[in-house]
Structures are given as C-alpha cells and as structure tokens.
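Read through the structure below, which is laid out as structure tokens, and then see the notes.
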Amino acid sequence: MTTQGTTATISQPLPDIFAAQAALKSPGLLALAWRRFWRDKLAVVGTAVLLLLGLMALLATPLASEVTHFQPEQIELLGNLKPLGWARTPERPAHWLGTDELGRDVLTRIMFGAQVSLFIAVLTVALTLTIGTLSGAMAGYFGGVVDMIISALINVLLSVPLLFLLILISAVFRPPWWGLAIVLASVSWTGVARLVRGEFLTIKVRDYIEAARVIGSSNPRIIFRHILPNATSPMIVAATLQIGGVILTETALSFLGFGVQPPTPSWGNMLTNAQQYLFLAPVNIFVPGLFIFVTVLSVNFMGNGLRDALDPRLKQ
Amino acid sequence: MTKYLIRRLIQSVPIFFLITIIVFSLINFAPGGPTGDLALFDPNIKPEDIARIRASMGLDKSVPERYLIFVGGLLHGDLGTSLIQRGVKVSDMIAERLPKTLLLTGTALLMALLIAVPLGVLSAVKQYSLLDNLATFFSTAGVAIPSFWLGLMMILLFAVNLGWFPVGGIYEVRNQTIEAGDVLWHLTLPAITLAFISIASWNRYIRASMLEVIRQDYVRTARAKGLAERLVIFRHALRNSLIPFVTLLGLSLPGLVSGALVTETIFSWAGMGRLAFTATTQRDYPLIMGVVIMASALTILGNLAADIAYGFLDPRIRYD
C-alpha cells in the first residue's frame, strides 16, 4: 500500500511534497509500533496467555458452577490433600488439580486467586502510575524544595529493603485484599516518578515550553499538555514491566501471611498452608507457584515487546 | 576523594533519619496505636489499666517528644525492650541475629557474583552461542520465579525427595557443638535460593556492559599488541565493564535483604528476616522498629560501600 502511494506521487512531473510525505507516513507511529510488537512472537504469546488468565479470572464464578462444579470455599474434610483428578465417587465431579488441606478444590481456588492477584496487580500499577506521574512531574517541573522532598522520599524507598517496610505497613493497617494495592503502590511509585522527573528536567528548558509560558499557559496545562505526552511511551513500558514485580511482591506478602487473608484465596496464601503439607501433597506447592511463574513470565514478555515496539532505540 | 567520602556520608544521614521518622510514624499513627490490641486480648481490661500501661511505655507523652526519646536512645544503641520477651533488649536480639543474616546474604552475594560474572562474560564473548542462548533463557525464566516458590521446590526436591540437604535451620540441634561443615551444609539451599534471582539478572547486565566494552578501541589495541585473548577479556575488558555493575550491586542490596526475609522464613534460618517476620506476627512493636531500622541501615551502608568502591574503580569520576 505504501509503495503504491509513493510510486504514484513520484510519477507526477512536479511531485507534491506534502502528498508524498503523507503517503510515506501513512502507517502512523502506533501502526508501526503495533507491527513491531506483532513480529515479536514471545510478546504475542505472552499477551495471549495473559488474556486467557484474565478471562479465567473474570469468568471465575460461572466457570466454578459450570465447569469445575466446586466453590472456592467449599470444604470437604474427608477429601483433603487428594491428588490430581481425584473424585469421591466416579459420578461426582473430579478435582482436576486435587484438593488442599481442607478438601477445597485447588483449580477453583486458583481461578478465584487469579481474580485477586491480577486485580491487585492492575490496581497497584494504576495507582503507581498516578502517584509516580504526579510526584515526578512536580519534582521535575517545580524543582527547589518540592524536588528536594520528593527526591529524598524516592532515595529512602530505594535504599530500604521494601519487604520489611511492607510487612510493617500491612501489619499496622491490616488492609482488606483490595487495600493491598494501596500498600504496594505506596512503596513502588519511585520507578515511574524518577522516569517522569528526568523527562521533565530535560524538556522544561526547551524553547517551546518557554513559548507556551509566554502565551500565558497555566502550569497544569504546560505539565499535562506540553511535557507529559513526551513521557507516555517510557511510562507505559515501565508500568507494564512493573506488573511482574508487583505480582511477585503481593504473592510473597500473602505467602508470609501479611497480604491477602484467608479464606480469600490468593496464589500466594495458597502456598502458605501447602508448606505444612509438603510431605503429604507436594503438588499443592507446585500448582499455585506455576501460575505465578507463568503470569510473571508472560507479563515480562509483553513488557519487553512493548518496549521494543514503542521505543526501538532502547532495544537490547 | 576524602571530600567525596565525607559528602557521601553526610548524604546518607538524612536518609537514615527519614527512615526512622517513617517507621516511627507508621507505628504511632496505626489505628489504636501500640496498645490497640490490649482490649482484644482481654475484653475486661479497665480504661485506667490501659492508661497505666500506656504511661509505663511512655505513651502519655506527645508524639514529637516520644520520637526524640526514641532517636536519642537509638543513637546510644538503645532500641528499647521487647514487648513479648519481657525485659530482653531489642539491641541484644538484633546483635544475636545479625551475623546469621550477614552469613546468609554474604554467601548468596558471593555465590551470585562467582556465577553471574563469568556467565555474563562468556555470554558476551560468545554472543548468540548455545551457552548465550541458554543463559538468556535461564535469566528470563529466573527473574519470573517467585523466590518463596523456588525455596519450597528446593526443599521438596533436595531435602524431602533426595535427602541431600536439611529442610531448614542453621545447624543440627542434636550436635553438642556447632561445626563449620554442618553450618555450610545447612546454608547451601537457602543461599542458592537467595542468590538465584541475582544470578539471573546480573549476568544479563554484565553481558550487556561487556558487549559495549569489547567494541572499544583500547580493547582492539590490546588485541593488536598480541595479548592473549584471555588477558584481553579478563584484564582489560572486564575491569571496565564491572564499573557500572558496582552501582547496580549497590542498588540491588535492598532487594537482597528483602529476599533474605522470605528465604529465612522458609528455611527457618534464625536471622534478621525471620526476626522481622515473627516480631510483626506478634506485633512486638519495639522489635519491629529496631529490625526495620537496622535492616535499612545495613542497606544504606552497603550502598555507601558500593559508591566508594565506584570511586576507587573509576579514576575518571570527579568528586565535585
């Protein structure tokens, strides 16, 4: 399609530069990025796996009643710690991934755990983007005392072992499962903030910003309209690559007992009890961890693909 | 250099105090405060009893006053006493645990360096070889593995099924004396678990920075002089590619200490991480504060050491 457009313009005696340019530019930046992304097979596979997992999480309730025929908190004490595919009687539905120490169906809990873990991850990253963007923009744009305070906070959070701080925050405030997102975001906004701050420092001294100020643009307008769009791609990439880290931290917190509290299933807290039954039902350790691993791996593949697609210069 | 050292030291001080402020406020502005749970444990407790307990803990004073008392004690090495193990000094409890955490994280750090650096160098020298591709695969997978899961799988495979290593602990309790070999035997699984993620991410970093360095002119000069390839790579190229890595090393220390919390908990390694875990579970506030602040001080010192090493390694750095 592009070549056709170019040859058509070139064949004219006096080529219309603008038309030629328009014809050359026809695949927009986004289309180009999409094409690069699509060529990265790992990124596409990762995205597909994530979509499937997301679908599983969204449809957990109908899937539980129609497919697995168990509820996440349905206890069956006489059928606990059973192996893969166990069924009480041949007529009854089988526990495809076995049962846990209370006889709850592991697959059903994995599906509802996906709901919890994925929702927390997405919410955390949304919050991280918001806090990180605002603080980074303010620090970079206003400089001075504002920058000093925000940078000091960033430095502190970068030099503290965050898990120690997280278990403290979580123990003190005892957040409900969705509140964990706020807890996680409160310590993980530094990456985005540093990125945005750097972008603002380099762009705020450009001439067009000066021009915008001369014609009387307000500070918020300059920040959000003129500077921030420049940082969009790296922000999207940073946020995507962060999802994996957030999932790992949330599941680790839940595993330690300071995250999602039972009986609400999470991929992390399913492993807490499994550790005690290590000898009896090793498969109960294997399954939730595998789901965490595959999810984080897929997110990372997708994030790397996005990075290469949105900013080819960064390609490693 | 001295000036740089002093400036860098002075920069760390406000960070340290900011951490004490954050930790202190977190505990003091918690719903119910440090005595919030008393009524939970004993529903019949009288308000005047709570007031008496609060006064005995110094909680009747204003918050800024309490902070100053806390920091004053901290500067004298006094972190108060544990709420659960009555009368035991927090500083003593930490002093007892600290060497164990240092042993674990130190071993993991050394292990990670000894594996990640050669692996990264080889990957760069033989770019796109089978080894390089395997290392890439290992690294991609390695950074996505939850450390607690890895630890549990290690226990399952090497301790439960094969029986090569113990399930947890630091030494065999039945033994009368603590032997180095026994500790080393207990150390293996947790150290590998802790080192794993660092190996996975560092070897990529070394590879990238090596690839950059071996394309530089001075490396070509070294080769042109007829130096052996081994010397060119390890003496000339590696030294320069390690410089940016030192910064990364400093930055990954907090993550390593966080990882120690998880690893120590899984392997019942009685270090600072496990102490933080049990203290938080039992809501032993003075102990939590002490452990979090000490762990932070540790990573700040580590960062400082990395920065100083950076100054020594790269004479081009200017300190003004």
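So which trypsin sites (Lys or Arg not before Pro) in region B:157-237 pass both tests, a DSSP loop state and at most 14 other Cβ atoms within 10 Å of the Cβ?
Passing both the DSSP loop test and the Cβ count: B:Arg174, B:Arg215, B:Lys225.
Checking understanding here: applying a Kyte-Doolittle mean of at least -0.5 and a length along the axis of at least 24 Å (C-alpha), which whole DSSP H helices in chain B pass?
Qualifying helices, which must be both long enough and hydrophobic enough, are B:2-28, B:90-125, B:180-213, B:238-266, B:285-313.
So who's got an amide H within less than 5 Å of the one on A:Val260, skipping anything under 5 residues away but keeping other chains? H placed 1.01 Å off N, in plane.
A:Ser254
Within 10 Å of each Cβ in B:137-150, how many Cβ atoms from other chains are there, averaged over the peptide?
6
So which chymotrypsin sites (Phe, Trp or Tyr not before Pro) in region B:262-320 pass both tests, a DSSP loop state and at most 13 other Cβ atoms within 10 Å of the Cβ?
For chymotrypsin sites (Phe, Trp or Tyr not before Pro) across region B:262-320 that sit outside H, G, I, E and B with at most 13 neighbouring Cβ atoms in 10 Å, the list reads B:Tyr319.
Excluding residues fewer than 8 places away in the same chain, name every one of the lysines whose C-alpha is closer than 27 Å to that of B:Lys61.
B:Lys61 reaches B:Lys46, B:Lys89.
Can you give me the long-range amide H partners of A:Lys82? Hydrogens built in the peptide plane at 1.01 Å from N, cutoff under 5 Å, separation of 5 or more residues or another chain.
A:Thr99
How big is the A/B interface in buried accessible area, both sides summed, 1.4 Å probe, to the nearest 100 Å²?
3800
Using only the alpha-carbon atoms of region B:35-166, report the extent along each of the three principal axes, biggest first, to the nearest angstrom.
Extents along the principal axes: 74, 37, 25 Å.
Accessible area per residue, 1.4 Å probe, Å², for region A:156-254: what's the number?
With all protein chains present, region A:156-254 gives 41 Å² per residue.
Return the residues of region A:264-310 for which accessible area with all protein chains present is lower than in the chain on its own by 40 Å² or more; set the probe to 1.4 Å and exclude ligands, DNA and RNA.
Residues meeting the cut-off: A:Gln275, A:Leu278, A:Phe279, A:Ile285, A:Phe286, A:Phe293.
Give me the accessible area per residue for region B:91-313, probe 1.4 Å, as a whole number in Å². Can you show the working numbers first?
On the way: 9760 Å² over 223 residues.
Using a 1.4 Å probe on heavy atoms only, each residue of region B:91-313 averages 44 Å².
For A:His95, list long-range residues whose amide hydrogen, built 1.01 Å from N in the peptide plane, is under 5 Å from its own amide hydrogen.
Here A:Gly85, A:Trp86, A:Ala87 satisfy the definition.
Seen from all sides and averaged, what is the projected area of the convex hull of the Cα atoms in region B:149-307, in nm²? Before the final figure, lay out the partial values.
Values: hull surface 51.7 nm².
Reported value for the Cα convex hull: 12.9 nm².
A:Lys82: which lysines have alpha carbons under 25 Å from its alpha carbon, excluding same-chain residues fewer than 8 sequence positions away?
A:Lys82 reaches no qualifying lysines.
Given a 1.4 Å probe and the protein chains all in place, what does the accessible area of B:Thr81 round to, in Å² to the nearest 10?
Result for B:Thr81: roughly 70 Å² accessible.
Report D for the protein assembly as shown in µm² per second (integer): Stokes-Einstein, Kirkwood Rh on Cα pairs, 4 °C, 1.567 mPa s. Show your work: numbers first, answer last.
On the way: Rh = 27.6 Å.
D = 47 µm²/s.
Which residue, B:Ile199, B:Ile27, B:Ile53, tops the fluctuation ranking in a GNM of chain B built on C-alpha contacts under 10 Å?
The residue that fluctuates most here is B:Ile53.
Would you list B:Asp42, B:Asp132, B:Asp60 from the most to the least accessible area, probe 1.4 Å?
On the way: B:Asp42 65, B:Asp132 0, B:Asp60 105 Å².
Result, largest first: B:Asp60, B:Asp42, B:Asp132.
In the protein assembly as shown, what percent of the accessible surface is made up of carbon and sulfur (1.4 Å probe, ligands and nucleic acids excluded)?
67
Which three extents, in whole angstrom, do the alpha-carbon atoms of region B:203-242 cover along their principal axes, largest first?
29, 17, 11
With θ set to phi - 60°, apply the Karplus curve 6.51 cos²θ - 1.76 cosθ + 1.60 along region A:91-99 and write out the HN-Hα couplings as whole Hz, x wherever there is a Gly or Pro.
Along region A:91-99, the couplings run 6, 7, x, 7, 8, 4, 10, x, 10 Hz.
May I ask you to list the lysines whose Cα is less than 30 Å away from that of A:Lys204, ignoring any residue fewer than eight positions away on the same chain?
Straight-line reach from A:Lys204, under 30 Å: A:Lys25, A:Lys315.
Are there any trypsin sites (Lys or Arg not before Pro) in region B:270-320 that are in a DSSP loop and have at most 16 other Cβ atoms within 10 Å? List them by number.
In loop regions of region B:270-320 (DSSP not H, G, I, E or B), the sparsely surrounded trypsin sites (Lys or Arg not before Pro) are B:Arg316, B:Arg318.
Could you let me know the centre-to-centre spacing of region B:51-68 and region A:96-150, using Cα atoms, in angstrom?
Rounded to whole Å, the Cα centres lie 36 Å apart.
Return an integer: the convex hull volume of the alpha-carbon atoms of region B:2-75, in Å³ per residue. If you can, show how the numbers build up before the last one.
Working: hull volume 6.9 nm³, N = 74.
Given the Cα convex hull of region B:2-75, per-residue volume reads 93 Å³.
For chain A, what is the calculated [θ] at 222 nm in deg cm²/dmol (nearest 500), taking -39500 (n - 2.57) for each run of four or more DSSP H residues and dividing by its residue count?
Helix-only estimate at 222 nm: -21500 deg cm²/dmol.
The values are calculated or read from the model by the stated rules, or taken from the named source; none is laboratory data. Here the structure is a predicted model, which is why all the values come from computation and not from measurement. Methodologically, a virtual Cβ is constructed for each residue, glycine included, from the backbone with ideal geometry; neighbour enumeration extends over all protein chains shown. Protein only, heavy atoms only, side chains kept; ligands, DNA and RNA dropped before computing areas. Shrake-Rupley method; radii C 1.70, N 1.55, O 1.52, S 1.80 Å.
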